[in-house]
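Asker: One structure is given below, represented as structure tokens, and several questions about it will come after.
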Amino acid sequence: MADLPVPPADLELRLVRYFTVVADELHFGRAADVLRLAQPSLSRQIRRLERQLGARLLDRSPRGTRLTAAGETFLPQARELLRAAARATASARSAAGHGPFTVGYTTNLIVTPAVRELRHRHPDADVRAVHLSWSEPRDALLDHRVDVVAARLVFAPDGLEITPLYVEPRVLLVPLGHRLAGKESVTLDDIAGETLPRFAGVDGGGANPPGHTRLGALVETLEDKLEMVAGDEVVSLAPAGFATNLRQDIVSVPVSDALPVRVVLASRSGERHPLLAAFRAAASRYLLPAR
């Protein structure tokens, strides 16, 4: 290309997004449909981005479209650039109090009373609540999908501000007919030889006892875990709050010596949303252990 490249600081995010869509589709026609652009216009925009970078990103031939070596290198950084821009935008809007205030919560943690109080005290605010799986809180916060999360602390807390709410004892989930199903309580020694599930997206502070190496299949959802327990593939430690909403083919047994689970509010470090302090205060009143 003969044109001199524009300094990288002048990259247009719109063009970067166009490139990522073409890279996903590897077809200019399909990418143009996704972007609701005319195909010739999309081609011109990609060429414009290539001029800004001073490198060809895509090769087109009768056999299709493929990424060049430069395109392969640029693609992950382009995606991170778009994510960073989205986070920066959301952070600025959050600090200014613009846009919705979104509360995340995980299974069997009831945020409704705290959310209701926040809406009552701030009737002009757009307060929303969304359910998250156990592996989502950290990513949901850092990606600005939520502003605060009520969750069990089984994720890495670095980069987050953690407000403790209460601790929750552990129970052991076993299938009906299991040798431990009729016990008043068990200890970790009682399950030393049992197979426990492996968990996705949690750190060592949460799911299984330290040092337990007899692990079964990877579990990514609560429903999958319960299915594996009911099918006698594994037994599993769980917060006591889960015992209030179990399948009829699963029994919960208290574990006398397991470390309790910490239930917390998590938010981004340095978060300045004007509703955050009010929600923390409401949550401290309403998010209480199950009885």
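Asker: Return yes or no: is Leu288 surrounded by fewer than 16 Cβ atoms within 10 Å (Cβ to Cβ) and not polar (S, T, N, Q)?
Answerer: yes
Asker: Now a separate question. Which one of these does Thr213 not meet: (1) in contact (Cβ under 8 Å) with a residue 12 or more places away in the chain; (2) surrounded by fewer than 15 Cβ atoms within 10 Å (Cβ to Cβ)?
Answerer: Only one criterion is unmet by Thr213, namely (1).
Asker: Taking Val103, is it in a strand (DSSP E or B), touching a Lys or Arg at 6+ places or on another chain (Cβ under 8 Å), aliphatic (A, V, I, L, M) and surrounded by 15 or more Cβ atoms within 10 Å (Cβ to Cβ)?
Answerer: yes
Asker: Keeping to segment 9-41, report how many residues are under 28 Å from the mean Cα position of the chain (by Cα), over 26 Å from Pro62 (Cβ atoms) and among the charged types (D, E, K, R).
Answerer: Qualifying residue count, segment 9-41: 2.
Asker: When you look at Arg48, is it in a helix (DSSP H, G or I) and either at pLDDT 90 or above or within 30 Å of His144 (Cα to Cα) (or both), yes or no?
Answerer: In short, no.
Asker: Moving on to the next point. For segment 128-136, state whether one or more residues are surrounded by 15 or more Cβ atoms within 10 Å (Cβ to Cβ), part of a strand (DSSP E or B), modelled with pLDDT of 90 or more and touching a Leu at 6+ places or on another chain (Cβ under 9 Å).
Answerer: Checking segment 128-136: not a single residue is surrounded by 15 or more Cβ atoms within 10 Å (Cβ to Cβ), part of a strand (DSSP E or B), modelled with pLDDT of 90 or more and touching a Leu at 6+ places or on another chain (Cβ under 9 Å).
The values are calculated or read from the model by the stated rules, or taken from the named source; none is laboratory data. None of these values were measured; they are calculated from a predicted model. Here Cβ is always computed from backbone atoms with ideal geometry, including for glycine, and neighbour counts include all displayed protein chains.
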